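Chemist: Encoded as structure tokens, here's the structure I'll be asking about.
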């Protein structure tokens, strides 16, 4: 029976310095898969490399030999001795490996539970595996099942519904205040990384326009180009506060740059339009007293962190249900995997039936040729339908015995009853489970 083996390391088992050594850029994944293809012990293979994890997933006949080969492969990829990273590796086999890849795809094994990026990264890695012809029957089924599990987890739990990053939390708070973000105008003050990320999420959620203000106008122009926004000088702050619905501020200023008096001055002209300020700077950019003004909502980084902690707890609760979904799908996959043991006998049975049909059609060729083409075709369909129905019960019976201790006895009995050519059972199994060219 083919073995499913997962070997890798992630943010919990290895420091970033080590992960950087073993990480492979997307353009070089093909090279890694090429090295994997050269390993005789590997029947099917998959290679995943992200900033937080490096993993291999393989199908092999001999587990011990395959594991040694993969560790050696990682050593070659990272150009470092195996002893330098072997203690950081985790290894899962068979259903443990299936459980792990389902959990990774569902973002249950991520640094931030529920983050959406990992599923896309797995899909891209799988695509490259298929392009390099390293994916066969088992890996194809396994990866598509992983995608299905991830979809179930996202649709049946709230694991992705609560923000767990500063930028996501900012968008979530904006939604609570404005309900919908379509048509809202954003003022981005400064060019901090978190502010840019929050701005990117706000644009993705429907805000209509953005203006970038920075002490250095050239920097404002540079950032504005990224978001197709409008640059503005620092001296225009008052005018921009008048127009904005949402202000995201992240500068390196040593004192507040948006004061209570500055905001109060524009409130009358805003005619009760609410103003939402997200202050992600440390030290703060916005005077705390701003929050006391009517129709003004100020949140600093501590407020956002409080939202995140609450949401993390919600995601942990959702993860319990998600893990139940993973276990359920692992059981289903294991049941399917066990049916592969009966595949060679089923193929032999169908091949013999097809040979008999072809032989009997040949004997009756002269009589069949006298029939009109539609009638001759109807006879062929009838014969094949009868044979298919006769074979259906023994095939279903064999599949039902998959994974049981008595399976070998039933397979042997079936081959004797139908006088099937035994051949080399193991080579047939390899033909089915592998996709590597000879």
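Chemist: Tell me, please, whether a residue that is surrounded by 17 or more Cβ atoms within 10 Å (Cβ to Cβ), within 30 Å of the chain's Cα centre (by Cα) and more than 20 Å from residue 296 (Cα to Cα) can be found in the stretch 171-191.
Modeler: There is no residue in the stretch 171-191 that is surrounded by 17 or more Cβ atoms within 10 Å (Cβ to Cβ), within 30 Å of the chain's Cα centre (by Cα) and more than 20 Å from residue 296 (Cα to Cα).
Chemist: Tell me, please, whether a residue that is assigned by TED's automatic domain parsing to the domain that holds residue 203, under 22 Å from residue 177 (Cβ atoms) and crowded, with 16+ Cβ neighbours inside 10 Å can be found in the stretch 226-233.
Modeler: yes
Chemist: Let me ask something else. Look through 108, 139 and report the one residue that is crowded, with 19+ Cβ neighbours inside 10 Å and either within 9 Å of the chain's Cα centre (by Cα) or closer than 23 Å to residue 308 by Cβ (or both).
Modeler: Answer to the selection: 108.
Chemist: In the stretch 323-343, is there at least one residue being more than 30 Å from residue 396 (Cα to Cα), at pLDDT 90 or above and surrounded by 17 or more Cβ atoms within 10 Å (Cβ to Cβ)?
Modeler: yes
Chemist: Same structure again: Does residue 311 meet the test of being assigned to a helix (DSSP H, G or I) and in contact with a strand residue (DSSP E or B) (Cβ under 6 Å, 6 or more places away or on another chain)?
Modeler: No.
Chemist: If you don't mind, another one. Do we have any residue at all in the stretch 50-69 that's surrounded by fewer than 17 Cβ atoms within 10 Å (Cβ to Cβ) and within 18 Å of residue 13 (Cβ to Cβ)?
Modeler: Taking every residue of the stretch 50-69 in turn, at least one turns out to be surrounded by fewer than 17 Cβ atoms within 10 Å (Cβ to Cβ) and within 18 Å of residue 13 (Cβ to Cβ).
Results for (1) modelled with pLDDT of 80 or more; (2) surrounded by 11 or more Cβ atoms within 10 Å (Cβ to Cβ), shown as yes or no for each residue.
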| position | (1), (2) |
| --- | --- |
| 382 | yes, no |
| 385 | yes, no |
| 391 | yes, yes |
| 395 | yes, yes |
| 400 | yes, yes |
| 404 | no, yes |
| 414 | yes, yes |
| 420 | yes, yes |
| 426 | no, no |
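The values are calculated or read from the model by the stated rules, or taken from the named source; none is laboratory data. None of these values were measured; they are calculated from a predicted model. Here Cβ is always computed from backbone atoms with ideal geometry, including for glycine, and neighbour counts include all displayed protein chains.
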